[in-house]
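Written below as structure tokens is the structure these notes are about.
The values are calculated or read from the model by the stated rules, or taken from the named source; none is laboratory data. Only a predicted model underlies this, so the values are computations on that prediction, with no experimental measurement involved. Cβ placement follows ideal geometry from the backbone for every residue including glycine, while neighbour counts extend to all protein chains displayed. All accessible areas refer to the heavy atoms of the entire protein, side chains included, with ligands and DNA or RNA removed. Shrake-Rupley method; radii C 1.70, N 1.55, O 1.52, S 1.80 Å.
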Amino acid sequence: MDLIANLATGFAVALTPANLAFCFLGVLIGTLVGVLPGIAPITTIAILLPFTFTLPPASAMIMLSGIFYGAQYGGSTTAILVNLPGESSSIVTCLDGHQMAKQGRAGPALAIAAIASFFAGTIATIIIAVASVPLSVLALKFTAAEYFSLMVLGLTGSIALAHGSAIKAVAMVLLGLLLGLVGIDVNTGLPRMTLGIGELGDGIGFVAIAIGLFGISELMIALSRPQDRTLLSVALSQLWPSRKELKDCVPAMLRGTAIGSILGVLPGGGAALSSFASYAVEKKTSATPERFGRGAIEGVAGPEAANNAGAQTSFIPLLTLGIPGNAIMALMVGALMIQGIQPGPQVMTAQPQLFWGVIASMWLGNLMLVILNLPLVGLWVSLLRVPYRILFPAIALFCCIGTYSISNSQLDIGLMLIFALVGVFFVKVGAEPAPFILGFILGPLMEENFRRAMNLSRGDPLVFVERPISAALLVLTALLLAVLILPAVRAKREEVFQE
């Protein structure tokens, strides 16, 4: 009964005219972001953060959330029709979706992508609503020791789930932790690694790093590659898949939703990893794996369900524990703090309208996205005719405006450009930036909780193993590390990510 009452509170907030408008605006921008290459939802959210200053907290979070999961829908459109993934989570959709389009079955591919996304989004919303209450109750029992151990587990998980070499992922985490400590030491009041620059006393701006790594660097990389934007047309009368295709896709959607829901909660998981994992599972379990890569509709349904479920369940650690599971959730932490709200389990009791309003808006947003994506597919694809010489400078301009407007500092612009070059370097050497971002965000929080735990225990490090929850989290971390360094596991992991 409490769950029903809470959801009623959420829908009462989400169905107000203002919040419906912000939800629609968010999913509209998200779809646009997903369709257009070279601009990611993390860049868009970073740019829009300053504009959320004057919005009510619930409206701001509803709009920003809509951008995130809305981009998963838009990315599938260009992946199918143009073989150009608007989002990293839509890369797998290109494999079979574009082959279906070339065979004259673009309509069923687009329809099943939208159906799978809506189905997964609905299930993921239910999972968030059901899981949030017990997790928040558990989180209220956390002290500094448990939070520190949880963050250690989170960073270890981001290493295990990162693409490519685990050694490079470890290096990314350590680099992020190091840069996260730049600024004034809150205990001693002394500057650390500021190079004598007073503006770095508050630390390196996260928005400058995020836009540099995921915005400007993506533009630079995209410009260095040839772009094939040959458009395939599709008639609206050909959109609906056959009954047999729907029947074949139901198991794939169920498996994709389950995979995405699980991996979305894990640190470093999210939408992209979920889609890759779902495609691998579908290919392994299929009686005819040779069809994959040649237009198998299950190769569209599974990953599209997985990336949408992964995008939405990644909100669970943020809403219940106040811990970001990926780079976009780290920006959501910033959005809450801008509103003067400290993320964590207390949000559910202190801000129930915000908490349940965001959850209810996810279902409404997914419904809006189905309506937006199928009838307006021609409009979205026509946006790809915008020349790159116009599109990319405009994106770069908005990146600069968003970075500068956070603190009106020219230093942030310089840092953005520096980290854009760093981002290009990361791509060239095969290092994924997501563990770096998580290390950067969690570093100061880990230090704060470690010091607090040590102060409360009067310097006794055994406090981390004497408390049952903290000890269990550390045991899980040790097991994850042990599995990760096993030669057979390392070889299989590299094989999976190479595929």
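For the reader, a short list of remarks on this structure follows.
- Looking across the stretch 128-151, the residues that are at pLDDT 80 or above and crowded, with 20+ Cβ neighbours inside 10 Å come down to ILE128, PHE142, ALA144, ALA145, GLU146, TYR147, PHE148, SER149, LEU150, MET151.
- Checked against the criterion of being closer than 29 Å to SER165 by Cα, surrounded by fewer than 18 Cβ atoms within 10 Å (Cβ to Cβ) and touching a residue at least 40 places away in the same chain (Cβ under 8 Å), the candidates ILE418, ILE413, ILE441 yield just one match: ILE418.
- Boolean, GLY299 is more than 23 Å from ALA129 (Cα to Cα) and not basic (Lys, Arg): yes
- The residue that is modelled with the highest pLDDT, counting only those in the stretch 286-302 that are over 21 Å from SER117 (Cβ atoms) and assigned to a helix (DSSP H, G or I), is ARG291.
- Considering only residues in the stretch 379-414 that are at pLDDT 75 or above and in contact with an Asp or Glu (Cβ under 7 Å, 6 or more places away or on another chain), the one that is farthest from MET337 (Cα to Cα) turns out to be LEU411.
- Residue, farthest from LEU155 (Cα to Cα), within the stretch 423-438, restricted to residues that are assigned to a helix (DSSP H, G or I) and open to solvent by less than 40 Å² (accessible area, probe 1.4 Å): VAL424
- Where THR77 falls short, out of the listed (1) farther than 27 Å from PHE392 by Cα; (2) part of a helix (DSSP H, G or I): (1)
- Only helices (runs of 4 or more DSSP H) whose full extent lies in the stretch 1-71 are considered here, and the ones with at least 1 residues that are under 30 Å from LEU417 (Cα atoms) are 17-35, 41-48.
The rows are residues; the columns are (1) within 30 Å of the chain's Cα centre (by Cα); (2) on the phi > 0 side of the Ramachandran plot.
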residue: VAL422; (1), (2): yes, no
residue: VAL427; (1), (2): yes, no
residue: ALA431; (1), (2): yes, no
residue: LEU438; (1), (2): yes, no
residue: ILE441; (1), (2): yes, no
residue: ASN449; (1), (2): yes, no
residue: ASN455; (1), (2): no, no
residue: GLY459; (1), (2): no, yes
residue: ALA472; (1), (2): yes, no
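- Of the residues examined, LEU476 is one that is modelled with pLDDT of 85 or more and either open to solvent by 60 Å² or more (accessible area, probe 1.4 Å) or polar (S, T, N, Q) (or both).
- The set of residues in the stretch 318-367 that are open to solvent by 20 Å² or more (accessible area, probe 1.4 Å), outside any helix (DSSP H, G or I) and over 15 Å from MET151 (Cα atoms) comprises GLN339, GLY340, GLN342, GLN351.
- Test: residue in the stretch 184-203 that is in a helix (DSSP H, G or I) and more than 29 Å from CYS400 (Cβ to Cβ): no
- Those residues of the stretch 106-127 which are surrounded by fewer than 21 Cβ atoms within 10 Å (Cβ to Cβ) and either hydroxyl-bearing (Ser, Thr, Tyr) or not in a helix (DSSP H, G or I) (or both), in sequence order: THR122
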